[in-house]
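To start, the structure itself, in structure tokens.
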Amino acid sequence: MDSTQFRKEAHKLADWMADYFEQVEDYPVKPEVQPGDIIQQLPESPPDSGESFDKIFKDFQQVIMPGMTHWESPSFMGYFPANKSYPSVLAEMLTATLGAQCMSWVTSPAATELEERVMEWLRDMIGLPAHFSGVIQDTASTSTLAALLMAREQATDFEVNKAGFSSRRPLAVYCSSETHSSIEKDVKIAGFGHKYLRKIPVNSDFSINIQALEKKIQADLKQGIEPTCVVATLGTTGSTAVDSLPEIADICRRYDIFLHVDAAYAGTALLLPEHRTMIEGIEQVNSFVFNPHKWMFTNFDCSAFFVRDQSLLVRTFEIMPEYLKTAEDKRVRNYRDWGIQLGRRFRALKLWFVIRDFGVKGLQEKIRLHIKLAQDLEQAIRQAPNFELLAPVPFNLLCFRYHPAHLSDEKKLNRLNKTLLEQINKTGELFITHTKLSGRYTLRMVIGNTHVEQRHVEQAWNVISEQAAKLRE
Ligand code: PLP
């Protein structure tokens with residue numbers, strides 16, 4: 001392909017993209033494909049000679065598109081959203097075009113300095129204190145891994161970095177039983193050992209039980225195990241429960257434990273001053289993550305990681321091989337030392353585009369709308385005779401189940417709701433997912449897509465009610 005053809009194809013693709021955004025509601029949200037349906041249409045070996053772009057793009061439309069789940073659809077209400085928006089997509093086009101690798105200041109000065117400034121904006125927008133410094137990681141899993149490694153090095157005075165784990169007494173990490181699975185994965189990767197991850201029981205609202213947390217810390221101390229890090233979650237994956245940060249912060253202060261906050265999804269709600277009560281105690285927090293790529297209209301991947309002590313972060317990760325040394329090293333940020341990977345994408349650009357295009361007020365309006373739509377539906381579910389809510393609704397995730405009055409057997413209810421979920425998603429008109437809360441099969445519905453409106457929520461509730469009624473027939 002030469003530049004003339006690139007220009008022509010890029011114009012065509014821009015039209016296709018705009019059409020897609022306009023028409024995405026017409027696609028079934030989840031495709032009706034079976035495992036293997038797509039791969040069997042793909043040749044087993046690559047072409048020897050180059051193929052025409054027409055042919056490649058035709059295959060994209062005919063083979064790939066029918067197998068895509070449409071996360072962009074306003075009726076995609078499963079998991080947590082991986083949102084995007086027009087300014088974010090445009091920025092991604094520029095990022096791909098520039099193709100910059102932003103590992104050091106010198107490898108793209110503007111990318112580094114934009115990241116520094118945009119992270120200061122974001123910190124102020126969500127009400128974090130000014131002593132936090134920010135860096136963009138790919139995912140919350142990576143941000144939390146960075147936090148655990150910082151906690152490990154702080155607790156051991158950088159001994160594990162130097163000599164490995166061998167001579168140390170065990171280090172323990174604490175989180176609730178509702179904490180995201182990435183924490184467990186990160187604990188394994190960081191070398192703490194799975195058996196030193198303490199999953200603390202939760203209260204009836206699925207937030208961590210503070211008394212149980214402190215008891216476990218005391219028990220570990222008695223056994224010579226060193227309490228090293230607590231991970232508090234603001235907005236758990238199952239039900240967006242909020243751990244009590246002031247109480248956890250108090251414990252971490254008293255026992256001198258590193259405190260990491262996982263606000264991967266609900267951190268976006270901090271754009272709204274009325275939700276900032278959940279970061280009371282933030283002064284004690286060592287690190288904090290939230291993902292603009294979930295609910296803040298910024299393409300995946302973009303995870304905002306903030307730390308109180310930037311020198312601890314850099315000391316945990318810094319390496320200085322000869323081939324990376326530059327004359328400016330002492331005067332600049334080299335973000336390669338702020339995380340795990342060396343090579344880094346230019347992620348700040350899309351965040352900058354999004355914040356400027358929406359403005360803080362525009363972002364706040366959307367987030368408030370999503371929470372309001374969820375609260376309205378919460379009322380509808382409360383009033384529906386055969387449904388029940390299974391968790392509080394602090395933001396825009398609804399956890400509920402179908403519960404016909406005549407049925408009380410929990411196993412039967414679980415089976416019924418599993419079938420209901422399958423039937424709902426089969427319609428292609430809506431996509432929701434599930435979890436288990438206190439052993440109950442729970443339907444999870446998130447109202448957080450960039451373009452979701454009241455009519456989509458109404459339509460979704462109609463689909464759910466209709467499919468439930470069919471199960472009764
Ligand atoms: N933490 C919470 C609370 C989450 O809900 C998720 C994902 O949904 C994660 C962490 C992991 O996010 P990521 O995919 O960015 O690693």
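Any read-out appearing in this document is the output of simple, stated calculations on the displayed coordinates, not a laboratory observation. Note that the structure is a prediction, hence the values are computed from the model and not measured. All Cβ positions, glycine included, derive from the backbone under ideal geometry; neighbour counts span all protein chains shown.
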Completion exercise
Checking 318, 274, 280 in turn, the sole residue that is more than 16 Å from the ligand (Cβ to nearest atom), out of contact with any strand residue (DSSP E or B) (no Cβ under 6 Å at 6 or more places or on another chain) and closer than 22 Å to residue 358 by Cα turns out to be 274
Fill in the blank from the handout: Selection from segment 141-174 of residues within 16 Å of the ligand (Cβ to nearest atom), touching an Asp or Glu at 6+ places or on another chain (Cβ under 7 Å) and free of Cβ contacts under 8 Å to residues at least 60 places away in the same chain yields 141
Handout entry: Residues located in segment 242-291, provided they are more than 24 Å from residue 338 (Cβ to Cβ) and either among the basic types (Lys, Arg) or part of a loop (DSSP other than H, G, I, E, B) (or both)
Key = 243, 244, 253, 254, 256, 272, 276, 280, 281
Handout entry: Count of segment 165-203 residues which are touching a helix residue (DSSP H, G or I) at 6+ places or on another chain (Cβ under 8 Å) and acidic (Asp, Glu)
Key = 2
Problem - Where residue 207 falls short, out of the listed (1) under 26 Å from residue 166 (Cα atoms); (2) within 16 Å of the ligand (Cβ to nearest atom); (3) small (Gly, Ala, Ser) - result: (1)
Exercise for the section: Go through the residues of segment 425-445 one by one and say whether even a single one is touching an Asp or Glu at 6+ places or on another chain (Cβ under 6 Å) and in a helix (DSSP H, G or I). Expected result: no
Completion exercise
If we keep only residues of segment 111-138 that are part of a loop (DSSP other than H, G, I, E, B) and within 16 Å of the ligand (Cβ to nearest atom), then the residue nearest to residue 345 (Cα to Cα) is 138
Problem - Scan of segment 286-315 for residues that are crowded, with 24+ Cβ neighbours inside 10 Å and away from the ligand (no atom under 13 Å from the Cβ), ordered by number - result: 287, 297, 306, 307, 313
Practice task
Could you grab the pairs with beta carbons closer than 8 Å, sequence gap of 6+ or different chains, first residue in segment 27-52 and assigned to a loop (DSSP other than H, G, I, E, B), second one of a type in the set (Asp, Glu)?
Solution key: 28/429; 29/429
Completion exercise
Of the conditions (1) among the acidic types (Asp, Glu); (2) assigned to a helix (DSSP H, G or I); (3) in contact (Cβ under 8 Å) with a residue 12 or more places away in the chain, the single one that residue 365 does not satisfy is (3)
